[in-house]
Each structure stands twice: as structure tokens, then as C-alpha cells.
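Step one of this worksheet: look at the structure below.
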Amino acid sequence: MPQDMPPVGGYGPVQYKRNLPARGFRPAFYLLGTAVVMTLGFYKFGQGVREHNELAREKMWSRIHLIPALTAEEDRDQVRRYLADRAREKELLGTETQVYNSNRFVRPTFAVTPEK
Amino acid sequence: MSARQPRFNRDNLIDTTPLPDHIPKVQELGASSAPLLSASFFIGARCKAYNDDYMMCKNEANGRGEFDCMKEGRKVTRCAASVIKDLNEHCLDEFRAHWQCLDNQNQQLWNCRSAERKLNKCVFDKLKLEKTIPDTPKGETPVHLRVKNTFAKN
């Protein structure tokens, strides 16, 4: 009995590849697009950071211009309270005590309240 | 319980004793934060010399600046008060519009550029004071003069 043999001329080709259409563009385009979007975004971000820095500078200088006026007012008030305190002590006790061993101005820790 | 009443309250803490007579009196600024912020660059433009003098005096007073720099402090206050007085006299509407805008916009200068442009123009025309931001990088438009902004609404 003759053995089973392939047909004359061999078998036909077997389709092992999927036959689907490739969607979209080539991958290189997507890579390029991402790079463009990222670059643009980082550029705008950098611009924003620089503008933020300038705004911070503006705010800082507005405060710097005001600090002397505010400090002067505060200091005048502190001196007024200090002198009033000294005068009160002189009137009540007849002494002028020096609390600290220096003649610098020390902001008071406790507030002495005048009697009504 | 002790019978003693707590004394640290706001009624008792107020000490209204004025300064003694040998120290010259000066009217305080009396402006709240928004007008001060609005006027700050003009105060800086006109009073720079007084401000620097006062800060230097305090820096070199060795801890006694509160007493020793009162004269400079009075000059600073008078100068700042003169700026606010001039603003009120010459540019009252623009000034008011700007600081009210600042009050409404969380005191963010960049949200009030349109009002600020009008104020700056008025102040420059009438008082010859110009807003400049020191240390702005060279070749860049100062941020308050820019037409296109990332953050500002206008």
C-alpha cells in the first residue's frame, strides 16, 4: 500500500500572519507630536515662572517702600508707651528703675495698664 | 476661686497717654493696607532718601533706634503722608478705584492693572512720580507695563 504523500507541487502556503490594516500614523509621528507638545508646554511654563518672579519682585518692593513708614509709626507708639510707663513709675514710686543692664530699647513683655 | 478679675483685656490695655511735649507731634498716616499698597511705589519714589536715612539710622543705632531715630521717623511719616495727601488731592478717583480694586482682589496687584494704569498715568502727569520696580532684569518690560500676561485678567 503506497504511503500518504504530499500532493504533487507541495501544499499551499499557510496564512499565519493577521491580515489587519495598521491604524493611524507611523509611530515616529506620535513621538514627534509628543515632543512638540511637551516643548511648548515647558516653554509656556517657563514664561509663567518668570512672570511670577517679576510679580513677586513687585510685591516685595511695594512692601520695602512701606516698611520705613510702618516701622516709624510702630516705634513712635512703643516710645510713647515706654515714656508713659516711666512717668507712671516716677509718679507712683518715685524711682526710675532700670530693668536691663543696657540702654537698648527692649520691647516690653508685660503691659502695665493704667488705672481708670 | 480668686476674687481677682482678669485684667488683660482690650479695655484695660489701651494706654492713651500722649508723647511728652518736648517731642514734636506728627500726624500718623492713618491709611489702611490697600491705600498704602496702592501708594507704595509713589511713596518709594518720593521718599526714598528719607526712608533710606531712617533705615540706616536704625541699623546703626545699636539697638536704640526707637529713641534715637525719632526725628528721621517723623520725616518718613511726613513724607509718606504728603504723598497720600497729594494723591487724594490730584488723583482721588483713580486712587480710590485702584485701592478698592485691590481690596476686592485680595490685594493682588496683578489683578488691578487697568485701574493701576490710569492711576500711574494720572500720578505721572500731575505729581511727576513714576512707578519703577528696582532690579527688573535688563531688556524685559517691567511687569506692570506688560500688555500680555499669563496671570492677569486684563
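Of all residues in the range A:93-106 being more than 9 Å from chain B (Cβ to nearest Cβ) and either acidic (Asp, Glu) or in a loop (DSSP other than H, G, I, E, B) (or both), which is least open to solvent (accessible area, probe 1.4 Å)?
Step one: list which residues in the range A:93-106 are more than 9 Å from chain B (Cβ to nearest Cβ), which gives A:93-101.
Within this subset, residues satisfying the condition of being either acidic (Asp, Glu) or in a loop (DSSP other than H, G, I, E, B) (or both) are A:94-101.
Working: A:94: 46, A:95: 66, A:96: 103, A:97: 77, A:98: 130, A:99: 116, A:100: 116, A:101: 161 Å².
The qualifying residue least open to solvent (accessible area, probe 1.4 Å) is A:94.
Yes/no matrix, rows are residues, columns are (1) touching a residue at least 24 places away in the same chain (Cβ under 8 Å); (2) aromatic (Phe, Trp, Tyr); (3) loosely packed, with under 11 Cβ neighbours inside 10 Å:
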position: A:19; (1), (2), (3): no, no, yes
position: A:22; (1), (2), (3): no, no, yes
position: A:29; (1), (2), (3): no, yes, yes
position: A:32; (1), (2), (3): no, no, no
position: A:54; (1), (2), (3): no, no, no
position: A:59; (1), (2), (3): no, no, no
position: A:64; (1), (2), (3): no, no, no
position: A:71; (1), (2), (3): no, no, no
position: A:76; (1), (2), (3): no, no, no
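Select from the range A:85-116 the residues that are in contact with a Pro (Cβ under 9 Å, 6 or more places away or on another chain) and at pLDDT below 90 and list them in ascending order. First the steps, then the outcome.
Within the range A:85-116, the subset in contact with a Pro (Cβ under 9 Å, 6 or more places away or on another chain) is A:85, A:87-88.
Passing the criteria: A:85, A:88.
I'd like the residue in the range B:95-132 that is assigned to a helix (DSSP H, G or I) and among the basic types (Lys, Arg) and, out of all such residues, is least open to solvent (accessible area, probe 1.4 Å).
Looking only at the range B:95-132, we keep the residues that are assigned to a helix (DSSP H, G or I), and these are B:95-104, B:109-111, B:113-127.
Those still in the list that are among the basic types (Lys, Arg) too: B:96, B:113, B:117-118, B:121, B:126.
On the way: B:96: 108, B:113: 5, B:117: 107, B:118: 129, B:121: 131, B:126: 121 Å².
That would be B:113.
If I filter the range B:40-71 down to residues being surrounded by fewer than 17 Cβ atoms within 10 Å (Cβ to Cβ) and among the aliphatic types (A, V, I, L, M), which single residue comes out as farthest from residue A:77 (Cα to Cα)?
B:49
Would you be able to tell me the number of residues in the range B:23-37 that are open to solvent by 10 Å² or more (accessible area, probe 1.4 Å) and part of a helix (DSSP H, G or I)?
Residues of the range B:23-37 that are open to solvent by 10 Å² or more (accessible area, probe 1.4 Å), as a first pass: B:23-33, B:35-37.
Right, trim to part of a helix (DSSP H, G or I) and you get B:33, B:35-37.
Selection size over the range B:23-37: 4.
For the range B:133-140, does any single residue satisfy the condition of being open to solvent by 80 Å² or more (accessible area, probe 1.4 Å) and modelled with pLDDT of 95 or more? Reasoning before the result, please.
Quick first cut of the range B:133-140, residues open to solvent by 80 Å² or more (accessible area, probe 1.4 Å) only: B:135, B:138-139.
From what is left, the residues that are modelled with pLDDT of 95 or more are none.
Scanning the range B:133-140 turns up no residue that is open to solvent by 80 Å² or more (accessible area, probe 1.4 Å) and modelled with pLDDT of 95 or more.
The values are calculated or read from the model by the stated rules, or taken from the named source; none is laboratory data. Quick caveat: nothing in here was measured; it's all calculated off a predicted structure. Glycine gets a Cβ as well: all are built from the backbone with ideal geometry, and neighbour counts include every protein chain shown. Surface accessibility is based on the protein's heavy atoms, side chains included, excluding ligands, DNA and RNA. Shrake-Rupley method; radii C 1.70, N 1.55, O 1.52, S 1.80 Å.
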